[in-house]
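Asks: First the structure, which I've put down as structure tokens, then a few questions once you've had a look.
The values are calculated or read from the model by the stated rules, or taken from the named source; none is laboratory data. For clarity, every value in this text was computed on a predicted model and none was experimentally measured. Positions of Cβ are generated from backbone atoms using ideal geometry, with glycine treated the same way; all protein chains shown enter the neighbour counts.
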Amino acid sequence: MDVLLISLIIFLVIGVPIAYSLGLSAFLYFITYHPELLIILPQRFYAGLNMYALIALPLFILMGLLMNESGITSRLIDFSLLFVGRLRGGLGLVNVVASMVFGGISGSSASDTASIGSVLIPEMEKRGYPKRFAAGITVASSTMGMIIPPSIPMVLYAIVAEESVGKLFLGGLIPG
């Protein structure tokens, strides 16, 4: 265990990225204490990469990027303005509604925060909202993307728990 922690600290101190530091530390641990398990390593890598449901993850991220670059995000905000824009605090409500719709389409809270926030936070500041409030409501509303199917955490949970992705999506319809 000492080899694992000491090598991790050394890799981090010399500037190796965190992901590589974790992998190299684990590799050194296995070489030191369990070299017989190195035979299994390529098999586990292939088994991890050979999961059909993991194809959805980069596609969700690609969808969020395409939506942001093609201008769908601004159209989505205009659509949300039709429903709640005239109410008091309407731009904050627009932020929540747009995040719900965008999170339901892209499935990623991070892409939701980046795309909705890059458009709405400056607009909310222009209209007199405090910057902390605008950022806070954007971050809080973007977390709803995890509940609304399809979502990346649901796919990852289904893979880890060996459950049906479709059943998880159906289970998330009503709460979302």
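Asks: Determine which member of the set PRO122, PRO153 is under 19 Å from GLY71 (Cβ atoms) and assigned to a helix (DSSP H, G or I).
Replies: Numbers: PRO153 fails: under 19 Å from GLY71 (Cβ atoms).
Of the residues listed, the single one that is under 19 Å from GLY71 (Cβ atoms) and assigned to a helix (DSSP H, G or I) is PRO122.
Asks: Scan the stretch 31-40 and tell me whether some residue there is charged (D, E, K, R) and either under 30 Å from SER115 (Cβ atoms) or in contact with a Ser or Thr (Cβ under 9 Å, 6 or more places away or on another chain) (or both).
Replies: Just the residues of the stretch 31-40 that are charged (D, E, K, R), to begin with: 36.
Next, only the ones that are either under 30 Å from SER115 (Cβ atoms) or in contact with a Ser or Thr (Cβ under 9 Å, 6 or more places away or on another chain) (or both) stay: none.
Checking the stretch 31-40: not a single residue is charged (D, E, K, R) and either under 30 Å from SER115 (Cβ atoms) or in contact with a Ser or Thr (Cβ under 9 Å, 6 or more places away or on another chain) (or both).
Asks: For the stretch 53-66, enumerate the residues that are more than 27 Å from SER164 (Cβ to Cβ) and at pLDDT below 75. Even if it seems obvious, please write down each step before you answer.
Replies: Pass one, the stretch 53-66, residues more than 27 Å from SER164 (Cβ to Cβ): 65-66.
Once the filter is applied, which keeps residues that are more than 27 Å from SER164 (Cβ to Cβ) and at pLDDT below 75, the stretch 53-66 yields only LEU65.
Asks: When only residues in the stretch 106-143 that are small (Gly, Ala, Ser) and closer than 24 Å to ARG88 by Cβ count, which is farthest from the chain's Cα centre (by Cα)?
Replies: Initially, the stretch 106-143 is screened for residues small (Gly, Ala, Ser), giving 106-111, 114-115, 117-118, 128, 134-136, 140-142.
From what's left, closer than 24 Å to ARG88 by Cβ: 117, 128, 134-136, 140-142.
Details: GLY117: 15, GLY128: 30, ALA134: 20, ALA135: 17, GLY136: 17, ALA140: 14, SER141: 14, SER142: 10 Å.
If we take residues in the stretch 106-143 being small (Gly, Ala, Ser) and closer than 24 Å to ARG88 by Cβ, then GLY128 is farthest from the chain's Cα centre (by Cα).
Asks: Still on this model: If the requirement is being surrounded by fewer than 12 Cβ atoms within 10 Å (Cβ to Cβ), without any contact (Cβ under 8 Å) to a residue 60 or more places away in the chain, part of a helix (DSSP H, G or I) and among the small types (Gly, Ala, Ser), which of these qualifies: GLY103, GLY92, GLY117, GLY48? Break it down into steps so the answer makes sense when it comes.
Replies: Details: GLY103 fails: surrounded by fewer than 12 Cβ atoms within 10 Å (Cβ to Cβ); GLY92 fails: surrounded by fewer than 12 Cβ atoms within 10 Å (Cβ to Cβ); GLY117 fails: surrounded by fewer than 12 Cβ atoms within 10 Å (Cβ to Cβ).
Within the list GLY103, GLY92, GLY117, GLY48, the selection yields GLY48.
Asks: Quick test for you: out of ALA98, ALA134, ALA110, pick the one residue that is assigned to a helix (DSSP H, G or I), crowded, with 17+ Cβ neighbours inside 10 Å, out of contact with any Phe, Trp or Tyr (no Cβ under 9 Å at 6 or more places or on another chain) and aliphatic (A, V, I, L, M).
Replies: Working: ALA98 fails: out of contact with any Phe, Trp or Tyr (no Cβ under 9 Å at 6 or more places or on another chain); ALA110 fails: crowded, with 17+ Cβ neighbours inside 10 Å.
Answer to the selection: ALA134.
Asks: Among the candidates ILE39, ILE14, ILE10, which residue alone is surrounded by 13 or more Cβ atoms within 10 Å (Cβ to Cβ) and out of contact with any helix residue (DSSP H, G or I) (no Cβ under 7 Å at 6 or more places or on another chain)? Steps first, please.
Replies: Values: ILE39 fails: surrounded by 13 or more Cβ atoms within 10 Å (Cβ to Cβ); ILE14 fails: surrounded by 13 or more Cβ atoms within 10 Å (Cβ to Cβ).
On inspection, the qualifying residue turns out to be ILE10.
Asks: List the residue pairs whose Cβ atoms are under 7 Å apart, where the first residue sits in the stretch 153-175 and is under 13 Å from ALA56 (Cα atoms), the second is in a loop (DSSP other than H, G, I, E, B) and not β-branched (Val, Ile, Thr), and the two are 6 or more positions apart or on different chains.
Replies: The qualifying pairs are MET154/GLY172; ALA158/SER164; ILE159/MET51.
Asks: Moving on. Failed condition for GLY128, given (1) outside any helix (DSSP H, G or I); (2) within 18 Å of LEU65 (Cβ to Cβ), with all others met?
Replies: Single failed check for GLY128: (2).
Asks: Determine, yes or no, whether MET146 is within 16 Å of the chain's Cα centre (by Cα), surrounded by 14 or more Cβ atoms within 10 Å (Cβ to Cβ), closer than 24 Å to VAL94 by Cβ and of a type outside the set (S, T, N, Q).
Replies: Working: within 16 Å of the chain's Cα centre (by Cα): yes; surrounded by 14 or more Cβ atoms within 10 Å (Cβ to Cβ): yes; closer than 24 Å to VAL94 by Cβ: yes; of a type outside the set (S, T, N, Q): yes.
The answer is yes for MET146.
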